[in-house]
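Below: the structure, in structure tokens.
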Amino acid sequence: MRRQNTYRIAPIAIAPAAMLAVAASIWSAPQDTKPTSSADQETVRVPLPKGKKLVLADGTFQIVREYSVQGDRVRYWSVERSAWEEIPTTLVNWDATHKAEAEQSKQDAELKAKIRATAISEMAKEIDVDRSLEIKPGVFLPDAVGFYSLEDKQIYEMKQSLAVTKISKGREVGRILSGIPLIPRKMSLEIPDAHAALRLVTAEPEFFMRPADQREPRFRLLRVHVKGDRRLVENISIQITGEQSHHADDLDFQTWTPARGVFRYTVNQRLEPGEYAFVEMTGEDINSYIWDFGIDPSGTKSHK
């Protein structure tokens, strides 16, 4: 609960002749001996009453809303008495008055900044900054887990395709007919369709990944090759020792981390028209579920 401090105004001391002074205790507040909670410490308090210090030659000051110099007189609105009053200019310590004004301006600016920061903090309490990521002006990455491609100012969700492993029948027949089990086995990882469903026309796409568990995935970007009604991802040779050799057309790319749990991928070269796939590595092998896409020649009507 917010507490409101009560300010007490000290009686005014009457100076000789035309001098009016307000006791320095006009701004003093009684010390609060009640323990302060952490919630109270975080509260931004606005000082009351609001006014300027008109510092007098004897070290006291008047709290004024505003003042103006008119000849050899200073006319001011007294905050304490809510009335216009005048005193000679010679009774004012102008250097101290201007210094007090500068300090008050600084305090006002700091207070305004604290209030603004507090207001922004309150508004942002329910906002997950990491999940409200602006990847280009006016373009926000979807909140859902997934793999996304960015083309110009359009972002598309990339669907997974299932690649299948096929054993070279000719090589297996040779092993059987020869009776020699030392012939290396050969397999291939293929995507059944000839073309990816996602078609892009830009040669410099960007990609974003939101993993389900915020882990950093290990990806390879491959150019896949169309073989009739299928796409060849890689060839795998298995020696008699069990050692595997993987042959694929790898492309270099950079990995960035624009926010916690978000990964951005940019390719180091312009992509030529063709078929491509991001494959995730599990140990030394490729996961059969891959994210594939195609680059069409410029001017082609793309479809997503």
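The values are calculated or read from the model by the stated rules, or taken from the named source; none is laboratory data. All of these numbers come straight from a predicted model, not from anything done at the bench. Note that we place each Cβ from the backbone using ideal geometry, even for glycine, and neighbour counts take in every protein chain shown. Accessible surface areas use protein heavy atoms only, side chains included; no ligands, DNA or RNA. Shrake-Rupley method; radii C 1.70, N 1.55, O 1.52, S 1.80 Å.
Can you order the peptides 217-223, 283-289 by their average number of other Cβ atoms within 10 Å per residue, highest first?
The packing order, highest mean first, is 217-223, 283-289.
With every protein chain kept in the model, how would you rank Thr118, Thr257 by accessible area, 1.4 Å probe, largest at the top?
The ordering from most to least exposed comes out as Thr257, Thr118.
Around Gln254, with a cut-off of 13 angstrom between Cβ atoms, what is the net charge of the other residues, counting Lys and Arg +1 and Asp and Glu -1?
Summing Lys and Arg as +1 and Asp and Glu as -1 gives -2.
Ignoring ligands, DNA and RNA, how do Trp256, Trp291, Trp94 rank by accessible area with a 1.4 Å probe, largest first?
Result, largest first: Trp256, Trp94, Trp291.
Long-range amide H contacts for Met158: which residues qualify at under 5 Å (H placed 1.01 Å from N, peptide plane, sequence gap of 5 or more or a different chain)?
Amide H neighbours of Met158: Phe147, Tyr148, Ser149.
With a 1.4 Å probe and all protein chains kept in place, how much accessible area does Met187 have, in Å² rounded to the nearest 10?
Ignoring ligands and nucleic acids, Met187 comes out at about 40 Å².
Sorted by accessible area (1.4 Å probe), largest first, how do Trp84, Trp77 line up?
Largest accessible area first, the list is Trp84, Trp77.
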